[in-house]
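Engineer: Structure below; questions to follow.
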């Protein structure tokens, strides 16, 4: 959907939480972000475009992260929510251990966890939730979301369906309910 939306004016990109190692940094033939059951494999955005990654036409075939898109907007954003944000028994849970070891935003988490587990979890919760809030707000016209955790997809889909019913938006609720593991939110 993002590739199709991008054809209009080069203003649609895919991003993900930092749950995959950046193996392609030294070998651009490697794909970092993979969802094997759908045959999906893309590499993290390469450094050749630097700060222009989000506007380089060929970058629609790469995945951005919070570090490359924070403060920048596109018309449509596709967000892959990794296993660092899941739902268990109806409760949203962050799992900092599922973040890539290359992610510097959680630097010092393990040491802090040894000294003060509650404070470490609180810090990780804030960083992980902020990551996805930031990523999901990059699309000015729409946001498409794929959840690696099926329970998280069902949880969010149920919340969107309830809101859609409250707002008398049956088409949105129906499209969300029928969209598999992805939850599209396209207000246009």
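Engineer: Which condition from (1) free of Cβ contacts under 8 Å to residues at least 60 places away in the same chain; (2) crowded, with 16+ Cβ neighbours inside 10 Å; (3) within 27 Å of residue 95 (Cβ to Cβ) is the one that residue 19 breaks?
Structural biologist: Exception for residue 19: condition (1).
Engineer: Going by what's in this entry, would residue 114 be described as within 29 Å of residue 159 (Cβ to Cβ) and assigned to a helix (DSSP H, G or I)?
Structural biologist: Here the answer is no, as residue 114 does not meet what is asked.
Engineer: Condition first: under 15 Å from the mean Cα position of the chain (by Cα) and at pLDDT 90 or above. Can you find one or more residues in region 153-160 that meet it?
Structural biologist: First pass over region 153-160, keeping only residues under 15 Å from the mean Cα position of the chain (by Cα): 153, 156.
The next check asks that each one be at pLDDT 90 or above; those that pass are 153, 156.
Scanning region 153-160 turns up at least one residue that is under 15 Å from the mean Cα position of the chain (by Cα) and at pLDDT 90 or above.
Engineer: Right, something else. Go through region 104-125 and give me each residue that's surrounded by fewer than 17 Cβ atoms within 10 Å (Cβ to Cβ), within 25 Å of residue 15 (Cα to Cα), out of contact with any strand residue (DSSP E or B) (no Cβ under 9 Å at 6 or more places or on another chain) and modelled with pLDDT of 90 or more.
Structural biologist: Within region 104-125, just 122 meets the criteria.
Engineer: Do you know which of the residues in region 48-64 that are at pLDDT 90 or above and outside any helix (DSSP H, G or I) is surrounded by the most Cβ atoms within 10 Å (Cβ to Cβ)?
Structural biologist: Pass one, region 48-64, residues at pLDDT 90 or above: 60-64.
Filter once more, keeping what is outside any helix (DSSP H, G or I): 62-64.
On the way: 62: 22, 63: 21, 64: 24.
By that ranking, first place goes to 64.
Engineer: Considering only residues that are touching a residue at least 60 places away in the same chain (Cβ under 8 Å), closer than 20 Å to residue 137 by Cβ, buried (at least 17 other Cβ atoms within 10 Å of the Cβ) and touching a strand residue (DSSP E or B) at 6+ places or on another chain (Cβ under 7 Å), which ones fall in region 66-103?
Structural biologist: Within region 66-103, 69, 74, 75, 76, 77, 78, 79, 80, 81, 82, 84, 85 qualify.
Engineer: Under 25 Å from residue 37 (Cα atoms), surrounded by 18 or more Cβ atoms within 10 Å (Cβ to Cβ), in contact with a helix residue (DSSP H, G or I) (Cβ under 8 Å, 6 or more places away or on another chain) and modelled with pLDDT of 90 or more: which single residue out of 145, 176 fits that description?
Structural biologist: Exactly one of 145, 176 is under 25 Å from residue 37 (Cα atoms), surrounded by 18 or more Cβ atoms within 10 Å (Cβ to Cβ), in contact with a helix residue (DSSP H, G or I) (Cβ under 8 Å, 6 or more places away or on another chain) and modelled with pLDDT of 90 or more, namely 145.
The values are calculated or read from the model by the stated rules, or taken from the named source; none is laboratory data. Keep in mind the model is a prediction, meaning the values are calculated, not measured. With ideal geometry, Cβ positions are generated from the backbone for all residues, glycine too; neighbour counts draw on all protein chains shown.
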